[in-house]
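Below: one structure, written as structure tokens.
Nothing in this text is a laboratory measurement; each read-out follows from the coordinates by a stated rule. What you see is a predicted model, and the numbers here were worked out from it, not measured in a lab. All Cβ positions, even for glycine, are placed from backbone atoms using ideal geometry, and neighbour counts span all protein chains on display.
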Amino acid sequence: MDQPPFPSTYETLERPSLVITYHMGDLPVQKGSMVGLDDEGLLVPIERAVCFVGMAHENHAGVSRAKAVSCVNVSCTGSFVLGFVGWRPTLVDLQRAVWVYDGTTVSGAPLRTGIPAGRVVAIDITSDGRPGVRVKIDQAASKVLPPLPGKVEEAQAWYRARSR
């Protein structure tokens with residue numbers, strides 16, 4: 001299957017430490033974007049996920065569920081430079097919890113997805129020249145950040161049950 005054209009790949013200036021291969025869902029994933037698992041345990045873009053697992057290492061067009069299994073490598077721990085929305089980070093924000101906003105952006109509050117991403121460890125510049133923050137992620141970020149009411153708690157319970 002031909003790969004669809006992706007916009008310019010977002011470089012997260014990563015410092016990964018743990019890379020895990022996940023089975024792909026049927027939605028395209030872009031290198032350098034945040035990804036998560038859907039309710040069937042398949043890798044999808046974070047906007048369609050129920051929990052966060054890490055940063056994609058490669059572009060992938062997605063796979064029809066009826067076709068053969070395909071996999072993508074994901075950095076599940078490490079630190080990554082991401083854009084931000086909703087606040088202007090300062091040194092006071094170091095170690096602040098952040099939530100996923102979209103594939104390459106985090107917010108200081110659960111604005112869009114309510115999915116925890118990690119903690120701010122530095123203020124930096126993104127690869128496309130925007131102000132950014134270096135976020136330390138963990139495969140189980142949702143386990144160490146305070147739970148939010150609603151769907152996220154259900155997703156966290158689902159993920160904990162599957163990761164044992």
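Overview of values
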quantity: Order of GLU58, GLU40, GLU47 - criterion: other Cβ atoms within 10 Å of each residue's Cβ, fewest first; calculated: GLU40, GLU58, GLU47
quantity: Estimated vicinal HN-Hα couplings, Hz - the stretch 83-91 in sequence order (Karplus 6.51, -1.76, 1.60; Gly, Pro = x); calculated: x, 9, 9, x, 6, 10, x, 10, 4
quantity: Residues with amide H under 5 Å from that of ILE123, placed H, sequence gap 5 or more; calculated: ARG134
